[in-house]
Amino acid sequence: MDELFSKLKTINHPINNEKIIETYLKNRTLHKTYIYKLFVIILYGLLEQYVEDAIKEYLNKCCDVCSDYKNLPKKIKDGHGAMAIRLISKLSYPKYNHLKFEDIISRLNQGLNNNLATIIPESFLQNGGNYRHEEICKMFDNLGIELETTLHKYEPLSSYLLNKYHDDQHADLFFDNTVNRIVVERNTIAHGGQQGIDLLDTRGMQAIADKMLTYVKSLNNLLTDKINELLYELNTLDEFESDELYKKSTVIIPKLQNVALYKGDKLIAKRAGKAYPQYCIYSIKNLQIEGFDSEFVNCDIYREVGIELDSPTRKKCKYKLLFFRAPLKLLPNKINA
């Protein structure tokens, strides 16, 4: 909040007449109105920038994970071409004038004809209005993400709703009182209006800024979960499970074959039921074979391996190794050495 108010103090004043500025600063009500308007404008600008940056980063990570265009999420793959063509007609807009016609055509060709996972992120930023929650949902729907039905299931929003309302059925009220409130008041201010603006004191502004932070953190966690889902679904390594959990749910004992494990290797887990996030990545903190700790386990045949994870897991999870190492018997040069 202190950082926000420091921005309010250093922002270029939209009023050039010094007498008018002095009047605003001396009149307590006018001063409060002025500070609150700046707060709304800045907070909305941060929200808009965050949403666009989040979409760009998500698309870039999808490309990193998929490598092949055909493996991209279906809705992204199916919609990209038409959206990119529509983007070409907007290259004169300030928002898109850093893009070049030739680059767009080249990247489309790389994806459609050469099967390279290449996306023009700006293609998915052509929204039709202000960033109300409903509009943000539409933007993410173009990526195949059902924000409207899932965002409230992710932390910290899930805990906020549970503590505030004792259930997760009041998500719409939360969105109206945070994102949509800021959008409506920003529009009122932009059009020179006064009515409908509910002035908040410093504590009130801090509260709404905190709720906005809850919103974006939850969206971050949802997008991370979607990237982890891609990692899991595209991973061709064998799935394995553990019937029991030990040591405060940090130890699993699966049966493994044809793989080598080292401390520090990573697993990705698909969680059962309605747990969120639905996918988690764990580091192997320790390994045990036949009752002895080991830095390395060679599973050339079926073996029960004790795997201690860096954080608790759940029952009925399915696991995959993020990186494959063949057992030593498949690496003659290592044996000979």
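Applying the condition of being within 28 Å of the chain's Cα centre (by Cα), touching a residue at least 60 places away in the same chain (Cβ under 8 Å) and open to solvent by 60 Å² or more (accessible area, probe 1.4 Å) to region 234-273 and asking which residue is nearest to Leu222 (Cα to Cα) yields Leu234.
Just to be sure I understand, how many residues within region 250-281 are modelled with pLDDT of 95 or more and of a type in the set (S, T, N, Q)? Residues that pass the stated criteria total 2. Output yes when any residue across region 154-173 is modelled with pLDDT of 90 or more and touching a Phe, Trp or Tyr at 6+ places or on another chain (Cβ under 6 Å), and no when none is. So far as region 154-173 goes, yes, one or more of its residues are modelled with pLDDT of 90 or more and touching a Phe, Trp or Tyr at 6+ places or on another chain (Cβ under 6 Å). For first residues located in region 46-59 and over 20 Å from Thr178 (Cα atoms), partners that are assigned to a helix (DSSP H, G or I) and lie 6+ apart or on another chain with Cβ distances below 6 Å form the pairs Ile55/Phe124; Lys56/Pro121; Tyr58/Leu223; Leu59/Pro121. The set of residues in region 206-243 being over 18 Å from Tyr160 (Cα atoms) and either touching a Ser or Thr at 6+ places or on another chain (Cβ under 7 Å) or in a helix (DSSP H, G or I) (or both) consists of Leu223, Thr224, Asp225, Lys226, Ile227, Asn228, Glu229, Leu230, Leu231, Tyr232, Glu233, Leu234.
Annotation: of all residues in region 287-322 being over 21 Å from Pro277 (Cβ atoms) and part of a loop (DSSP other than H, G, I, E, B), the one that is modelled with the highest pLDDT is Val305. Looking at region 72-90, which of its residues are open to solvent by 40 Å² or more (accessible area, probe 1.4 Å) and either under 23 Å from the mean Cα position of the chain (by Cα) or of a type in the set (Phe, Trp, Tyr) (or both)? Correct list: Lys74, Lys75, Lys77, Asp78. With the structure loaded, tell me whether Ile85 is β-branched (Val, Ile, Thr) and either at pLDDT 90 or above or assigned to a helix (DSSP H, G or I) (or both) or whether it fails that test. Judged against the criteria, Ile85 is a match. Considering the conditions (1) closer than 16 Å to Lys318 by Cβ; (2) touching a strand residue (DSSP E or B) at 6+ places or on another chain (Cβ under 9 Å), Leu287 is excluded by exactly one of them, (1). Here Leu59 does not qualify as assigned to a loop (DSSP other than H, G, I, E, B), open to solvent by less than 10 Å² (accessible area, probe 1.4 Å) and at pLDDT 95 or above.
The values are calculated or read from the model by the stated rules, or taken from the named source; none is laboratory data. Computed from a predicted structure; not experimentally measured. Backbone-built Cβ (ideal geometry, glycine too); neighbour counts: all protein chains shown. When the accessible area is computed, the model is the full protein with side chains, heavy atoms only, and any ligands, DNA or RNA have been set aside. Shrake-Rupley method; radii C 1.70, N 1.55, O 1.52, S 1.80 Å.
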